[in-house]
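Every read-out reported here was derived from the displayed coordinates using simple, explicitly stated rules and does not represent laboratory data. Computed from a predicted structure; not experimentally measured. No Cβ is skipped: glycine too gets one built from the backbone with ideal geometry, and neighbour counts run over all protein chains shown.
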Amino acid sequence: MARAVAACRHAGIDDSQARLVPDSPESRAAQAVRLTNQNLASLAGTSPDPAADARCARNAAAAATLAAEAARAHGGGGDLAEAAYRSALQASLAAAAAAGGSALGRDEDLNARAEAAERAAVAAVTAAGWL
């Protein structure tokens, strides 16, 4: 979630821009971050559930991708911004694979791939100066 918040901050997007029906890339990113934070808060007091945790990770990665897309556009692009966006997209796809199908957060190989993609995304966002 820190990736999404950092990318939003870099792009000048704050919570007030979230819209129930987003009408811009900024409002989409802000709404995605808001919904993911709500999901994380709702899971905080529950028993561990691999399927729910995987869905939340998938949603957080998707929110971070929307935020990276907005941050890339805000900064005018460039190699580091493009790498951060592409890395965010790969992390989102890996998290979706780990959460989806028959895996439901229980496939150790898919979870390891998702975690590796997340680490790569954090490194790319850091290199871009967003985090």
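Can you show me the helix-derived [θ] at 222 nm for the chain, built from DSSP H runs with n ≥ 4 at -39,500 (n - 2.57) apiece and divided by the number of residues, rounded to the nearest 500.
-25500 deg cm²/dmol
Packing around the peptides 77-89, 10-22, 43-55, taken as the average count of other Cβ atoms within 10 Å per residue, puts them in this order, highest first: 77-89, 10-22, 43-55. With the charge dipole of the chain set up from +1 on Lys and Arg Cβ and -1 on Asp and Glu Cβ about the Cα centre, the Cα lying farthest toward the positive end among the listed residues 17, 89, 111 is that of 17. Out of these labelled values of Rg/Rh (Cα atoms, Kirkwood Rh), [x] 0.98; [y] 0.96; [z] 1.05, which was calculated from the coordinates shown here? Entry [x]. Each other residue within a Cβ distance under 14 Å of residue 114 adds +1 if Lys or Arg and -1 if Asp or Glu, for a net charge of 0.
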